[in-house]
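The values are calculated or read from the model by the stated rules, or taken from the named source; none is laboratory data. No experiment lies behind these values; they were computed from the predicted model shown. Reconstructed Cβ throughout: ideal geometry from the backbone, glycine too, with neighbour counts over all protein chains shown. Surface accessibility is based on the protein's heavy atoms, side chains included, excluding ligands, DNA and RNA. Shrake-Rupley method; radii C 1.70, N 1.55, O 1.52, S 1.80 Å.
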Amino acid sequence: EPEVTQTPSHQVTQMGQEVILRCVPISNHLYFYWYRQILGQKVEFLVSFYNNEISEKSEIFDDQFSVERPDGSNFTLKIRSTKLEDSAMYFCASSEGGDPYEQYFGPGTRLTVT
Amino acid sequence: RKEVEQDPGPFNVPEGATVAFNCTYSNSASQSFFWYRQDCRKEPKLLMSVYSSGNEDGRFTAQLNRASQYISLLIRDSKLSDSATYLCVVNPSGSARQLTFGSGTQLTVLP
């Protein structure tokens, strides 16, 4: 069964450093997403991406964040200057498109900012 | 009012029991509804989409009441492997694809 993959599984970085989280969505999917989950809290939407551009973004997705699809398979989330409060689990998801937008999640990258 | 509200639980039930989870959502324009399950420190996994007519997948039955803005999930004949957090998830409007998650209801099925 096809699945979304993410690397690395755990990233530790110092405050102020840049990190890039990587995802390989399911191959025939057209829509890609990033969500985050701070420990003990609910899953929160960050951004959606379609046709090589951002479709929607939340208030969390400020200028420190960017997304890119550098080639035909990878989808990346960059955080330019990490803050302590960026520590969370970051999930990539993808969907085929069409109703009802069923989204499939990758295993996540646990980001720890020290 | 929270966008998606769920009873956090925990629900502790014996194996074989029937358990029901409820969820309410605030945006009446919401178009799509889902139940996901999440095991500890793992990704949300899609359990089922929820349709207006109600739908069933094996031991799982989901219902949607648009008038009351209410979604339910019924699990029959609970298994130990059903222990997880169940997330009520809503696509808040037809033009957007973002999902809004509830905080989840924790279920533990006891032997």
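Structural remarks
- Among the residues making up segment A:68-103, a single one is of a type in the set (A, V, I, L, M, F, W, C) and over 16 Å from A:Q37 (Cα atoms): A:F75.
- Selected residue [open to solvent by 10 Å² or more (accessible area, probe 1.4 Å) and not small (G, A, S)] from A:L84, A:L46, A:L111: A:L84
- Filtering segment B:25-53 to residues that are farther than 23 Å from B:T108 by Cβ and surrounded by 13 or more Cβ atoms within 10 Å (Cβ to Cβ) leaves B:Y25, B:S26, B:N27, B:S30, B:Q31, B:S32, B:F33, B:S49, B:V50, B:Y51.
- Strands (runs of 3 or more DSSP E) within segment B:6-111 that include 1 or more residues of a type in the set (A, V, I, L, M): B:11-14, B:19-25, B:44-50, B:60-65, B:70-75, B:84-91, B:105-110
For every residue, the table says whether it meets (1) in contact with a Pro (Cβ under 8 Å, 6 or more places away or on another chain); (2) more than 14 Å from every other protein chain (Cβ to nearest Cβ); (3) free of Cβ contacts under 8 Å to residues at least 60 places away in the same chain.
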residue: A:V12; (1), (2), (3): no, yes, no
residue: A:L30; (1), (2), (3): no, no, no
residue: A:N51; (1), (2), (3): no, no, yes
residue: A:Q64; (1), (2), (3): no, yes, yes
residue: A:E102; (1), (2), (3): no, no, yes
